[in-house]
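The values are calculated or read from the model by the stated rules, or taken from the named source; none is laboratory data. Source: prediction; values computed, not measured. All Cβ positions, glycine included, derive from the backbone under ideal geometry; neighbour counts span all protein chains shown. SASA here: full protein model, heavy atoms, side chains in, ligands and nucleic acids out. Shrake-Rupley method; radii C 1.70, N 1.55, O 1.52, S 1.80 Å.
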Amino acid sequence: MSVKTIASGTVAEAYVELLADRGVDFLFANAGTDFAPLIEALAKFEGEGRKMPKPVIVPHENVAIHMALGHYLQSGKPQLVMVHVNVGTANSICGLMNAWRGNLPVLFTSGRTPYSEEGGVLGARTGEIHWPQEMRDQGAVVREIVKWDYELPNAQVLEQTVDRALTVTMSEPKGPVYLTLPREVLAAPVENFSYSSPSRRQPASAPFPDLDAIDRAADIIAKAENPVIVCASVGRDWSEPAALAALADVFAIPVTQRKPRYVALDSNHPMHLGYEPDAFMTEADAVIVIECDVPWIPNKKAPGRDTKIVHIGVDPLFSSYPMRSFASDLAITGAAGPSMVALAAALETRKAVAKDRIEARRKRLAERRAAQRQRWQAALEKAKHETPINPAWVTYCLDQVRGEDDIVIKEGPITYEHLTLQKPGSLFFTGAAGALGWGLGMALGMKAAAPHKRVICAVGDGAYMFGNPIPAHYVAAAEDWPILTMVFNNAMWGAVKRNTREVYPSGYAAKSNREPLTYFDRELAFEKAVETAGGHGEKVVDPAAVPKAIERAFKVMETEKRQALLNIVCKGP
């Protein structure tokens, strides 16, 4: 460790230098009048060739915060977002919700309207807007959906504040933090500002499971005839799929994922049994829930009353959820990776006495898996010639040409069943709070973190509009980050239609076959939106044209370094 000193400058300059020292690579920002000291500091660093987070102009806050989250999911490092006082904060709330529910870290910051009306303080109020934008408690706007919030009071606690923010956001359960920065504080002078490098403050280690509880879980599984693993967020840490594979294999436990957010298990693994946990609930006598907030929906299908239920995760009770009351015979606090490794080791010691039962189950599951894959193939055969285009066919066509390093963002009806998912970190479905409009920003952030990888963002037409597409396309063009956006255009809110019919299956809305507030009545030429930023756009209506359209888009990205968008007219639910 060394001590570094800034002889003279401003708090903003010290802040920029600290962030660079702490490994923050990017500042994704939509600036306002509160940014003046920071902009001056960035200009000075650029002019002097000093190391700093790369500033990226992002013309909408929703895109900016999701870019930071996407970058983290590829780099493993939290990034910096800064927005304009209360209004920029408000525009970011959907992203904060997704980060909060998805346990994704981000250093989210905003300016704070200047305090000073008069007196000659540098950074004091200079415009009319500085009065109506002031709030009594700006942090209250987001306090329920961040782990920590604070307002920087002065230079004396700058190092402690930055380190506190970064250690809290990166400690499990991970999540967003919020820091407000008054303009007068950023503009204040500093002399002989010293800080430790590297930081003496580090994130907490991930929780390790209670081994006695692991033994109890192993006993439950060892006695079960039909155990099943249900997971959703396994795979956020790229070491977890290998641990899950070993756990599933040792005792022949089927793995089924409910709306998976990541690649949790190689889809070719013999214990990979698809994406419908409900299909296992009737016969299951032990359900092992690993990092899954909603393992089943009680009003639809739930385990039997005698089924043993084990929950495993960094917060297995999901304590930030106001109501979540799934049965839990055993809840184990522990990071998914170490917990699965420990559980596999405990089961290894019990394998000999259950050998015949394990092998019989392995054989049954192989037959069940083969039948499941045959159903998936039959559905694809039926879908390939349908018009409007079936999303399953689009998914299959994409899967035929994507490389193993390609990243797929799922914010639309792309079908898991027709994707070959093998490599950790290659699939993301991370709108954990249901706040639509995250896909485009996530895709750009991942491209920023991994420019050598091809990024495909599959979005529904509604999600595309939510995602602030013009700002997103601008960023892709300005930063030379070509991505492929695939808009699944079914001219409706599919989730709204499905849920209305679930609640009122024989109601007026279902009988009308065109529910109010559900369909988009005016066709939109989404392919034209990307052209405003110099991108390549195509509309695809013929299923036979899908493969070549994807190939053309890839060629534009690779040879011309331009982004591409396919407006795929497809069927809805």
Could you please tell me which pairs satisfy a Cβ distance under 6 Å, a separation of 6+ or placement on different chains, a first residue in segment 517-534 that is surrounded by 15 or more Cβ atoms within 10 Å (Cβ to Cβ), and a second residue that is in a strand (DSSP E or B) and among the charged types (D, E, K, R)? Glu527/Glu538; Glu527/Lys539
Could you go through segment 479-489 and let me know if any residue there is open to solvent by less than 20 Å² (accessible area, probe 1.4 Å) and part of a helix (DSSP H, G or I). no
Restricting to segment 490-508, give me the number of residues that are crowded, with 17+ Cβ neighbours inside 10 Å and among the small types (Gly, Ala, Ser). 2
Of those in segment 425-464 that are at pLDDT 95 or above, in a loop (DSSP other than H, G, I, E, B) and over 27 Å from Glu523 (Cβ atoms), the residue most open to solvent (accessible area, probe 1.4 Å) is His452
With the structure loaded, tell me whether Asp399 is open to solvent by 20 Å² or more (accessible area, probe 1.4 Å), in a helix (DSSP H, G or I) and free of Cβ contacts under 8 Å to residues at least 60 places away in the same chain or whether it fails that test. yes
On the given criteria, is Ala284 on the phi > 0 side of the Ramachandran plot, open to solvent by less than 10 Å² (accessible area, probe 1.4 Å) and aliphatic (A, V, I, L, M)? no
Residue pairs meeting the criteria (Cβ under 7 Å; at least 6 apart or on separate chains; first charged (D, E, K, R), in segment 366-382; second open to solvent by 50 Å² or more (accessible area, probe 1.4 Å)): Arg369/Pro270
Requiring at least 1 residues that are touching a helix residue (DSSP H, G or I) at 6+ places or on another chain (Cβ under 8 Å) and without any contact (Cβ under 8 Å) to a residue 40 or more places away in the chain, the strands (runs of 3 or more DSSP E) wholly within segment 137-231 are 148-151
